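In what follows, a structure is listed as structure tokens, so that the remarks can point back to it.
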Amino acid sequence: MVAMSLWSFASAPSLPSGRPPSLSTRSIPSPRPLSRSPSRPPSRVNVRCNYATSDLVEDSSSLPIDVVADVKTEKIVVLGGNGFVGSAICKAAVLKGIEVVSVSRSGRPSYTDSWVDQVSWMAGDVFYLMWEEVLVGATAVVSTLGGFGNEEQMKRINGEANILAVGAAKDFGVPKFILISVHDYNLPSFLLSSGYFIGKRKAESEVLSKYPRSGVVLRPGFIYGKRKVDGYEIPLDLIGEPLERLLLAAENFTRPLKSLPASDLLLAPPVSVDDVAYAVINALMDDDFFGVFTIEQIKEAAAKVRSR
């Protein structure tokens, strides 16, 4: 985080008339290097100023002026920020006054919206990024990286890419890492051995290992919302929203079935993409929010942000 401090300068006393200034032979100490401060900088800065000359009597016009300015104290880097989940996170963060940098292969999205212009869009591959440029000043990294393909491709994008990002964030002193992972759906172990789940779980372990007191892993199930693909909008909420309400209403009846293998493929309630985004915002704002979070806990975290 960016640490801010105010330095006070006092004018030097005048020398007696007729006496030349003496020169000191003491060497000037070299400046001390700046170090990162782990403390959270204030979000508001108060400045008090006096405008009065020495020969004037102080009146109402020369009283101290209080200036209060809002300063952004959070800067997040969203990996995969122009994707379905990533763009929702970027939007929610911008609306909360958080500085946002998005990194994805295609850079800036093709659609326009008021919040889009407030995001710094960077095009790049996570395996070849100049991390010292991407992570400068970042207070958190949020990774939405993931995808499908053959076994090796899924291990690479779900696992290796995220592990690389976690290591870079840790090396450059970023204090928090948030990973969007996936619910396990109560699948039997032989199904969890696919490249998709192996990659996700390895990434989770890396986050929790490198960030034991600030790492966040969100495990949503099916995520719904309005998804933009090649200029077209796919209304996943037309399916996800009523299904979520139905499963929540029938929860008392379906709970005994959840112990069955793979039962959550049918019984795990979908999650709104906005709920995932707000859960990320809650993780950014609450330093006591870390660890692995289930579908229900994601919704609870989102509700906290909505109520503020």
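The values are calculated or read from the model by the stated rules, or taken from the named source; none is laboratory data. Here the structure is a predicted model, which is why all the values come from computation and not from measurement. All Cβ positions, glycine included, derive from the backbone under ideal geometry; neighbour counts span all protein chains shown. The accessibility values were calculated without ligands, DNA or RNA, using every heavy atom of the protein model including side chains. Shrake-Rupley method; radii C 1.70, N 1.55, O 1.52, S 1.80 Å.
Failed condition for Y196, given (1) under 30 Å from D171 (Cβ atoms); (2) touching a helix residue (DSSP H, G or I) at 6+ places or on another chain (Cβ under 6 Å); (3) aromatic (F, W, Y); (4) open to solvent by less than 30 Å² (accessible area, probe 1.4 Å), with all others met? Looking at each condition in turn, Y196 falls short on (4). Do we have L266 as more than 20 Å from Q297 (Cα to Cα) and open to solvent by 80 Å² or more (accessible area, probe 1.4 Å) here? The answer is no for L266. Taken together, L236, L218, L247 contain a single residue that is of a type in the set (A, V, I, L, M), within 18 Å of K91 (Cβ to Cβ) and open to solvent by less than 30 Å² (accessible area, probe 1.4 Å), which is L218. Only one of the numbered conditions (1) out of contact with any strand residue (DSSP E or B) (no Cβ under 8 Å at 6 or more places or on another chain); (2) touching a residue at least 40 places away in the same chain (Cβ under 8 Å); (3) more than 23 Å from D286 (Cα to Cα); (4) open to solvent by 50 Å² or more (accessible area, probe 1.4 Å) is violated by R227, and that is (1).
Scanning the range 199-215 for residues that are buried (at least 19 other Cβ atoms within 10 Å of the Cβ) and among the small types (G, A, S) yields G199, A203, S214, G215. When the range 278-290 is examined, which residues are found to be touching a Lys or Arg at 6+ places or on another chain (Cβ under 7 Å) and either of a type in the set (G, A, S) or open to solvent by 10 Å² or more (accessible area, probe 1.4 Å) (or both)? Selection gives Y278, F290. Against the conditions (1) touching an Asp or Glu at 6+ places or on another chain (Cβ under 7 Å); (2) of a type outside the set (D, E, K, R); (3) over 29 Å from Y232 (Cα atoms); (4) not in a helix (DSSP H, G or I), V136 satisfies every one except (1). All of Y196, Y185 fail the test of being part of a loop (DSSP other than H, G, I, E, B), over 16 Å from the mean Cα position of the chain (by Cα) and more than 15 Å from F290 (Cα to Cα), apart from Y185. One residue stands out in the range 108-133 among those that are more than 26 Å from G159 (Cα to Cα) and aromatic (F, W, Y): the one that is modelled with the highest pLDDT, namely W115.
Against the list (1) over 26 Å from N282 (Cα atoms); (2) of a type in the set (A, V, I, L, M, F, W, C); (3) within 17 Å of the chain's Cα centre (by Cα), the condition M130 fails is (3). Restricting attention to the range 85-114, the residues that are within 16 Å of the chain's Cα centre (by Cα) and open to solvent by less than 40 Å² (accessible area, probe 1.4 Å) total 16. Within the range 86-116, the set of residues being under 19 Å from I223 (Cα atoms) and either in a loop (DSSP other than H, G, I, E, B) or touching a helix residue (DSSP H, G or I) at 6+ places or on another chain (Cβ under 6 Å) (or both) comprises A88, I89, A92.
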